[in-house]
Amino acid sequence: DTLKTYGIMKEVAENRIRDIIHFLVLNEYAYITADEFPILKLTEKSQEILFGDIKLEIKLPKEAENASLAKAKNSPSAKAVAVNPEFLEQLKKVRLTIANTESVPAFVVFSDATLIDMCMKLPKNDAEFLDVSGVGQVKLTKYGASFLQQINSFLSDTTAPLTQSVTLKTIETEKDLEEFYTFLENLKTTLHIPDELVTLSAFVDLINVAVMQHYHKKIVITKLTKWLLANDFLENIVDETGTHRNIPTAKGIELGIVVQQKTSKNGDSYPSNAYTQKAQAFMLDSVVDMYQFMDAL
């Protein structure tokens with residue numbers, strides 16, 4: 001906290017910071033590691049801005065008029081939107097596929113708000129896709145074709161209702177909690193687990209995409225990591241560089257947690273935990289215990 005830039009953005013809204021991060025990642029000024037604790041790091045290209053003469057300009061949407069208004073818009077009671085819920089889930093699956101391919105969290109591709117706007121506007125071509133909130137030329141170029149293909153496929157199904165009220169449930173009573181746990185039990189039999197190695201952030205995205213279709217209650221990756229540590233699947237060590245890392249224990253290795261060496265865009269090699277289908281299936285089977293553990297923190 002002795003740095004002069006410490007806390008420089010403490011008054012900036014989280015959504016605005018996310019927008020800035022998205023821009024920097026998409027334009028290759030920064031990248032996000034694929035470890036269980038994703039870290040934002042600068043690329044070589046960022047030196048052009050930090051120490052060169054290049055000035056970076058970012059177009060950002062206007063912020064809410066005041067903090068209370070922003071809070072009201074993001075509150076659970078304001079989560080009702082007129083979209084087709086099945087179609088929204090289709091778009092989230094497209095987003096998850098792209099995120100897994102690029103080894104980035106799903107929100108880096110598009111936020112939930114952007115996907116909802118897609119459902120409402122149903123763009124059919126590049127020009128209309130650019131009218132979607134949160135879409136710029138860079139994201140159109142990178143992701144437009146995949147999403148437009150899904151949208152046009154949906155529109156060709158004339159039996160599908162274009163809009164339907166979707167309200168995320170909140171948990172306020174014991175009965176609500178019991179219903180939520182029942183929902184999670186059913187999720188075990190309906191959610192498809194990929195037969196491939198994934199990062200913990202990708203697994204969290206997979207669960208949250210399913211849960212957030214119905215409930216305003218998501219898994220937080222730091223809390224899930226604490227659950228893995230508490231159940232002796234991971235242990236925290238200090239490596240030769242003095243960095244704290246979570247590595248799989250013998251129990252974790254038996255479960256199917258493996259360590260991979262990955263290379264950043266800067267060419268740096270770093271270890272990253274990955275989870276086999278067996279490990280993912282176990283975590284999914286333990287999803288109720290996970291939520292109970294996280295709620296107790």
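Of the residues that make up region 278-295, is at least one touching a Ser or Thr at 6+ places or on another chain (Cβ under 9 Å) and within 22 Å of Asp195 (Cβ to Cβ)? No, there is no match, as no residue in region 278-295 is touching a Ser or Thr at 6+ places or on another chain (Cβ under 9 Å) and within 22 Å of Asp195 (Cβ to Cβ).
Every residue, every condition in (1) basic (Lys, Arg); (2) surrounded by 19 or more Cβ atoms within 10 Å (Cβ to Cβ); (3) out of contact with any strand residue (DSSP E or B) (no Cβ under 7 Å at 6 or more places or on another chain); (4) over 19 Å from Gln292 (Cβ atoms), yes or no:
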residue	(1), (2), (3), (4)
Ala202	no, yes, yes, yes
Val211	no, yes, yes, no
Ala230	no, no, yes, no
Ile247	no, no, no, yes
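Residues of region 268-280 that are of a type outside the set (Ser, Thr, Tyr) and touching a helix residue (DSSP H, G or I) at 6+ places or on another chain (Cβ under 9 Å): Asn273, Ala274, Lys278, Ala279, Gln280. Answer yes if at least one residue in region 149-156 is at pLDDT below 85, more than 19 Å from the chain's Cα centre (by Cα) and outside any helix (DSSP H, G or I), and no otherwise. Checking region 149-156: at least one residue is at pLDDT below 85, more than 19 Å from the chain's Cα centre (by Cα) and outside any helix (DSSP H, G or I). The set of residues in region 229-259 being over 16 Å from Lys278 (Cα atoms) and of a type in the set (Gly, Ala, Ser) consists of Ala230, Gly242.
Inspect region 271-278 for any residue being more than 29 Å from Leu191 (Cβ to Cβ) and surrounded by 13 or more Cβ atoms within 10 Å (Cβ to Cβ) and give the result as yes or no. Break it down stepwise before answering.
Initially, region 271-278 is screened for residues more than 29 Å from Leu191 (Cβ to Cβ), giving none.
Within region 271-278 (the criterion being more than 29 Å from Leu191 (Cβ to Cβ) and surrounded by 13 or more Cβ atoms within 10 Å (Cβ to Cβ)), the answer is no, since none of the residues qualifies.
Against the conditions (1) in contact (Cβ under 8 Å) with a residue 24 or more places away in the chain; (2) surrounded by 14 or more Cβ atoms within 10 Å (Cβ to Cβ), where does Thr222 fall short? Just the number, please. Going through the list (1) in contact (Cβ under 8 Å) with a residue 24 or more places away in the chain; (2) surrounded by 14 or more Cβ atoms within 10 Å (Cβ to Cβ), Thr222 breaks only (2). Return yes or no: is Tyr291 at negative phi, in contact with a helix residue (DSSP H, G or I) (Cβ under 9 Å, 6 or more places away or on another chain), among the hydroxyl-bearing types (Ser, Thr, Tyr) and touching a residue at least 24 places away in the same chain (Cβ under 8 Å)? Yes.
Just checking, does region 136-145 include any residue being on the phi > 0 side of the Ramachandran plot and touching a residue at least 40 places away in the same chain (Cβ under 8 Å)? The answer is no, given that none of the residues of region 136-145 is on the phi > 0 side of the Ramachandran plot and touching a residue at least 40 places away in the same chain (Cβ under 8 Å).
Taking the listed residues Lys169, Lys217, Lys188, Lys142, the one that is modelled with pLDDT of 90 or more, surrounded by 13 or more Cβ atoms within 10 Å (Cβ to Cβ) and either closer than 30 Å to Asp126 by Cβ or charged (D, E, K, R) (or both) is Lys142, with no other qualifying.
Might you let me know whether region 79-93 holds any residue that is at pLDDT 75 or above, in contact with a Phe, Trp or Tyr (Cβ under 7 Å, 6 or more places away or on another chain) and not in a helix (DSSP H, G or I)? Within region 79-93, not a single residue is at pLDDT 75 or above, in contact with a Phe, Trp or Tyr (Cβ under 7 Å, 6 or more places away or on another chain) and not in a helix (DSSP H, G or I). Tell me yes or no: at least one residue of region 136-155 is under 30 Å from Met283 (Cβ atoms) and touching a strand residue (DSSP E or B) at 6+ places or on another chain (Cβ under 6 Å). The answer is no; no qualifying residue exists.
The values are calculated or read from the model by the stated rules, or taken from the named source; none is laboratory data. Since the structure is predicted, the reported quantities are computational estimates derived from the model, not experimental observations. All Cβ positions, glycine included, derive from the backbone under ideal geometry; neighbour counts span all protein chains shown.
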